[in-house]
Amino acid sequence: MDLNVFTELKEEASKNRGDCRFRVVLRGEYEYDAAREISNSYVDRLPAAVAFPRTARHVQKCIQFCIDRNKFFRLRSGGHQHEGMSSLDDGLMIRLSEMCLIEFDDSSEEEAWIDTGMKLGQVYTELHRRGQIIPGGGCFTVNVGGLTQGGGWGLHARKHGLTCDSVRAVEVVLYDHETGRTAVETITPEHRSELLRALRGGGGGNFGVVTRFKFRLAEIPKELVVFRLGWRADQAETVAKVWLEVQDRFPDELTSFVRMGVMENGAPSAADPQARDFPIYAGGLFYGSAEELWKLPAMREFLERTKPAQIDTPIEQGLHPGVSPNGEDKTLEPPDLFGYDDFTPASIAPRSDSFCDVAPPSVNCDRPHPHKVSSAFPTGEGEEFRDQIATAVADYLNQSRHDPNVRSYMTFHAMGGAISRAPSESSCFAYRDKAFLLQFQSWWNKARDSSCEKVMKERQERAIEWVRDFRETLNRKGLVEGAFINFVDKNLPVESTACAEKRLELLRYYYADELPFLRGVKREVDPSDVFKFEMSIPPA
């Protein structure tokens, strides 16, 4: 491939002035390594150039440039594509991180246009000043684009639904097969409603480039509580069974999760005996006061039957600007409602000074780390099924070998509430009827010396296999099915050998019965398959 072709794009992008200009970084330039960075540093790809458009017109120019010259491109919209499919070798990475503005609707205080490249932390901060929120995800560094198009689960989900459920309109760059040109369109329920439905849960990058979303904003109450409970490893089965039973009885105002990690000896560190240092912990977000939270019958039952080793004092957040929880006149920063990724038990720190022994990341969302993620939904319901899946999860964790250089854990995420009540015709998220979601994760850091390549390879293979085998163990027992596109895993088991059939079989995990609809939309808006990548939806 002639890599110099993107020099022309760089010259065109930089010769204009003001808002007409945007950055293009070529391979070999000093900014290149930072520009090509993706969230999963296990994936190392070398695009010929990285473009940073700031407007929909810039995006048009980048895509049209590649189409006219028959060059490949990829879109980095959401920021956390776990399989690295937002990048490529030799083509153009179109990175939307400089599209990061909020435009409030003058005609409605309950709606706003939010750019696809805006980080959730920025969104929460800006909206918080108005006492509002969108039901976003858990990592502040995730961008709005990928999260929303894949569905978007977070700690407001049972109260306000998935992120995509709050989308009212979408601005998107499309390709017109007949004219051979790109165009910017605003998609609404009245204009191309099927495409709008596909963009609500159909995954990013399949149909065009979403440049911004019009969201319905939700009001944040004056009282909001974050809580965390911790247990030792030998309580894994009990905690799982009880949480799976009682969480269905939690009110919509409470969205919760239970995370179970692999830790040596199954005990917290004596040096830092905080709840986050327990291998099993539950947490959540409650719309109300701490007193109301602990009086919930289902919560009282959960505590009585599991007897947490530690209970974090709930953090009561007064969320209206200018008023603190005790009524003082004070400007508040948005609370960290999503700190459930802070899980750094001192007991898993490396015990050697070797360059090959590197501590796993303490927080997943602070910067890129090598990792593997997978997901699944339960196949059944009822007491017998819940007991079976809780036992299977605990058995796998109990027999897992602890690796001091890797964070490995499984999380139950609560579904139900507003998620299950959203009309099926409003989006193409296929698993609204499920009571919970399972996520499997392994995270590690790169070694500090090139001589550790063999050690690193073996460590990575074990970490990836732990995730794959965990999900497949539950699958073989008939306990799980499907997967969540926001937690994408391209290695789910498929039986087909033909490439096209293999892709469809893999995509059925994520889209289930919605796949024919999504392929139909793809055929209508992108029959030439201009917007394609390893797991993109092919035209029907």
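Note on region 184-196: residues that are in contact (Cβ under 8 Å) with a residue 12 or more places away in the chain and open to solvent by 90 Å² or more (accessible area, probe 1.4 Å) total 1. The set of residues in region 44-57 being over 18 Å from Val172 (Cα atoms), outside any strand (DSSP E or B) and open to solvent by less than 30 Å² (accessible area, probe 1.4 Å) consists of Pro47, Ala48.
In the set (1) closer than 30 Å to Lys446 by Cβ; (2) at pLDDT 95 or above; (3) not basic (Lys, Arg), Val480 fails one condition alone, (1).
Within region 376-384, identify whether any single residue is assigned to a strand (DSSP E or B), farther than 27 Å from Val246 by Cα and either touching a helix residue (DSSP H, G or I) at 6+ places or on another chain (Cβ under 7 Å) or of a type in the set (Lys, Arg) (or both), and answer yes or no. Give the steps one after another, and end with the answer.
Step one: filter region 376-384 for residues assigned to a strand (DSSP E or B), giving 376-378.
Next, from what is left, pick out any that are farther than 27 Å from Val246 by Cα: none.
Scanning region 376-384, I find no residue that is assigned to a strand (DSSP E or B), farther than 27 Å from Val246 by Cα and either touching a helix residue (DSSP H, G or I) at 6+ places or on another chain (Cβ under 7 Å) or of a type in the set (Lys, Arg) (or both), so the answer is no.
List the helices (runs of 4 or more DSSP H) inside region 70-183, counting only whole elements, that have at least 2 residues being at pLDDT below 95 and surrounded by fewer than 24 Cβ atoms within 10 Å (Cβ to Cβ).
Values: elements: 120-128, 144-150, 157-160.
In region 70-183, 120-128 are the helices (runs of 4 or more DSSP H) which contain 2 or more residues that are at pLDDT below 95 and surrounded by fewer than 24 Cβ atoms within 10 Å (Cβ to Cβ).
Here is a yes/no grid of residues against (1) open to solvent by less than 50 Å² (accessible area, probe 1.4 Å); (2) of a type outside the set (Phe, Trp, Tyr); (3) modelled with pLDDT under 90:
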site: Pro345; (1), (2), (3): yes, yes, yes
site: Cys356; (1), (2), (3): yes, yes, yes
site: Pro361; (1), (2), (3): yes, yes, yes
site: Cys365; (1), (2), (3): yes, yes, yes
site: Lys372; (1), (2), (3): yes, yes, no
site: Phe377; (1), (2), (3): yes, no, no
site: Glu381; (1), (2), (3): no, yes, no
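Restricting attention to region 15-28, which residues are assigned to a loop (DSSP other than H, G, I, E, B) and open to solvent by 60 Å² or more (accessible area, probe 1.4 Å)?
Narrowing region 15-28 to residues assigned to a loop (DSSP other than H, G, I, E, B): 16-17, 21-22, 27-28.
Matches in region 15-28: Arg17, Arg21, Arg27, Gly28.
Considering the conditions (1) within 27 Å of Tyr30 (Cβ to Cβ); (2) surrounded by 17 or more Cβ atoms within 10 Å (Cβ to Cβ), Gln60 is excluded by exactly one of them, (1).
The residue that is most open to solvent (accessible area, probe 1.4 Å), among those in region 469-491 that are more than 25 Å from Gly78 (Cβ to Cβ) and assigned to a helix (DSSP H, G or I), is Arg476. Looking across region 444-468, the residues that are within 25 Å of Gly150 (Cβ to Cβ) and open to solvent by less than 10 Å² (accessible area, probe 1.4 Å) come down to Trp444, Ala463, Val467. Here Glu253, Glu264, Glu292 are screened, and the one residue that is surrounded by fewer than 23 Cβ atoms within 10 Å (Cβ to Cβ) and at pLDDT below 90 is Glu264.
Residue pairs whose Cβ atoms lie under 7 Å apart, sitting 6 or more positions apart in sequence or on different chains, and linking a residue in region 139-159 that is at negative phi to a partner that is acidic (Asp, Glu) and part of a loop (DSSP other than H, G, I, E, B), are Arg158/Asp252; Lys159/Asp252; Lys159/Glu253. Within region 175-227, track down each residue that is among the β-branched types (Val, Ile, Thr) and in contact with a helix residue (DSSP H, G or I) (Cβ under 8 Å, 6 or more places away or on another chain). Correct list: Thr182, Val184, Ile187, Thr188, Val209, Val210, Thr211, Ile220, Val225, Val226.
Residue check: Phe531 meets all listed conditions (1) of a type in the set (Phe, Trp, Tyr); (2) open to solvent by 10 Å² or more (accessible area, probe 1.4 Å); (3) not in a helix (DSSP H, G or I) but one, namely (2).
When every residue of region 492-512 is checked against the conditions, at least one turns out to be within 23 Å of the chain's Cα centre (by Cα), at positive phi and surrounded by fewer than 19 Cβ atoms within 10 Å (Cβ to Cβ). Suppose we filter region 373-401 for residues that are over 19 Å from Gly261 (Cα atoms) and free of Cβ contacts under 8 Å to residues at least 12 places away in the same chain; how many remain? Total meeting the criteria: 2. Looking at Val258, Val226, just one residue is out of contact with any Lys or Arg (no Cβ under 7 Å at 6 or more places or on another chain), among the β-branched types (Val, Ile, Thr), open to solvent by 10 Å² or more (accessible area, probe 1.4 Å) and part of a strand (DSSP E or B), and that residue is Val226. For region 102-139, the tally of residues that are touching a Phe, Trp or Tyr at 6+ places or on another chain (Cβ under 8 Å) and among the aliphatic types (A, V, I, L, M) stands at 6.
May I ask you to verify whether Glu12 is open to solvent by 20 Å² or more (accessible area, probe 1.4 Å) and under 30 Å from the mean Cα position of the chain (by Cα)?
Values: open to solvent by 20 Å² or more (accessible area, probe 1.4 Å): yes; under 30 Å from the mean Cα position of the chain (by Cα): no.
In short, no.
Whenever a residue of region 406-431 is farther than 13 Å from Thr255 by Cα, its partners that are open to solvent by less than 20 Å² (accessible area, probe 1.4 Å) and of a type in the set (Ser, Thr, Tyr), lying with C-beta atoms within less than 6 angstrom and at least six residues away or across chains, give the pairs Val406/Ser442; Ser408/Ser442; Ala430/Tyr511.
The values are calculated or read from the model by the stated rules, or taken from the named source; none is laboratory data. In this text, all values refer to a predicted model and were calculated from it rather than measured experimentally. Heads up, the Cβs are rebuilt from the backbone with ideal geometry, glycines too, and the neighbour counts pull from every protein chain shown. Accessible surface areas use protein heavy atoms only, side chains included; no ligands, DNA or RNA. Shrake-Rupley method; radii C 1.70, N 1.55, O 1.52, S 1.80 Å.
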